[in-house]
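*Asks:* Before anything else, here's the structure in question.
Read-outs throughout are calculated quantities, based only on the coordinates presented, and are distinct from any laboratory measurement. Keep in mind that this is a model prediction, so the values were computed, not measured. No Cβ is skipped: glycine too gets one built from the backbone with ideal geometry, and neighbour counts run over all protein chains shown.
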Amino acid sequence: MIFTIILSLIILSPAVLSAPVAAALDVKSLASISRTNLQTLASRLPQRCSVSNISVPLEGQAGLAVPAGQTVSTIAVGRGVQNYTCTSGAYVSAGALANLFDVSCLFSMSSGFVDPQTVSGILPKMAFSSLSFPDAGRLPVAIHHQFVTTPGSATPGAISPEFATTADKVVVSKVAAAADPTDSAVNVPWLQLAAVEGQGTLSKSVFRLNTFNGQPPSSCTEEGEQLSVQYASMYWFTS
């Protein structure tokens, strides 16, 4: 019996020794980050890193600004769909759905070595190429993004963005928007969102940045037609 086990190990050992070893992820190297797919990157990151020393990379976008006294609490990359309804010949926004994956530790661990603005710019492209909403690729979804009935609104059908974890949530309203600086015809605008009082404590502000895709066609013909367009984006939460 013992001899059989030892013999099996001897026979198997060359295969074990020759098995490919995954390349180490160096979060202090932009090249290493760039050649890693999102699932591998996110699965190797620890959780609950402080990012209060990281600045929101607004890239000088007019109208967007972090309110005084607020610091970054969570950084996530989102993968989802922008929803539209054909109304009078044009697609009108009907909210969005997205899975947000916490990548705070990537920014914390690469701080001082890799430009946060550059990392924020490549992550949505990585997410878009490797995932298709609603598939989360076996990654834990840190925050769920959806739209809910606007609290206290008298306008029929009014909806507002909500971001929710298993423990908390925040409903937000739009403060400002800026056209995506790379391709505004394809990528949805960058947004600054503010928490609605009494609607959760997850965050005081949310910034949607570095958007990738999500814009609908410029016109439509079938009144009431519903359309979902895949997109990815960075989400910066401040408190």
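*Asks:* Provide a single number: the residues in region 158-200 that are more than 21 Å from Gly63 (Cα to Cα) and small (Gly, Ala, Ser).
*Replies:* Total satisfying the criteria: 5.
*Asks:* If you scan region 110-121, which residues turn out to be surrounded by fewer than 17 Cβ atoms within 10 Å (Cβ to Cβ) and not in a loop (DSSP other than H, G, I, E, B)?
*Replies:* Hits for region 110-121 are Gln117, Thr118.
*Asks:* In region 88-127, how many are closer than 26 Å to Pro161 by Cα, in contact with a helix residue (DSSP H, G or I) (Cβ under 7 Å, 6 or more places away or on another chain) and among the β-branched types (Val, Ile, Thr)?
*Replies:* 3
*Asks:* Taking only region 79-90 into account, find how many residues are small (Gly, Ala, Ser), surrounded by fewer than 23 Cβ atoms within 10 Å (Cβ to Cβ) and outside any loop (DSSP other than H, G, I, E, B).
*Replies:* Result for region 79-90: 1.
*Asks:* Return the only residue of Ala31, Ala76, Ala62 being of a type in the set (A, V, I, L, M, F, W, C), touching a strand residue (DSSP E or B) at 6+ places or on another chain (Cβ under 8 Å) and not in a loop (DSSP other than H, G, I, E, B).
*Replies:* Ala76
*Asks:* Which residue is surrounded by the most Cβ atoms within 10 Å (Cβ to Cβ), if the candidates are limited to region 184-213 and must be of a type in the set (D, E, K, R) and in contact with a strand residue (DSSP E or B) (Cβ under 9 Å, 6 or more places away or on another chain)?
*Replies:* Arg208
*Asks:* What strands (runs of 3 or more DSSP E) completely inside region 154-239 contain at least 3 residues that are among the hydroxyl-bearing types (Ser, Thr, Tyr), under 23 Å from Val103 (Cα atoms) and in contact (Cβ under 8 Å) with a residue 60 or more places away in the chain?
*Replies:* Output list reads 226-238.
*Asks:* Taking the condition in contact (Cβ under 8 Å) with a residue 60 or more places away in the chain and in contact with a Lys or Arg (Cβ under 6 Å, 6 or more places away or on another chain), does Gln82 pass?
*Replies:* Answer is no for this residue.
*Asks:* Turning to a different aspect of this structure: I'd like to know if region 127-138 contains one or more residues that are in contact (Cβ under 8 Å) with a residue 60 or more places away in the chain, over 14 Å from the mean Cα position of the chain (by Cα), in a helix (DSSP H, G or I) and closer than 26 Å to Thr182 by Cα.
*Replies:* no
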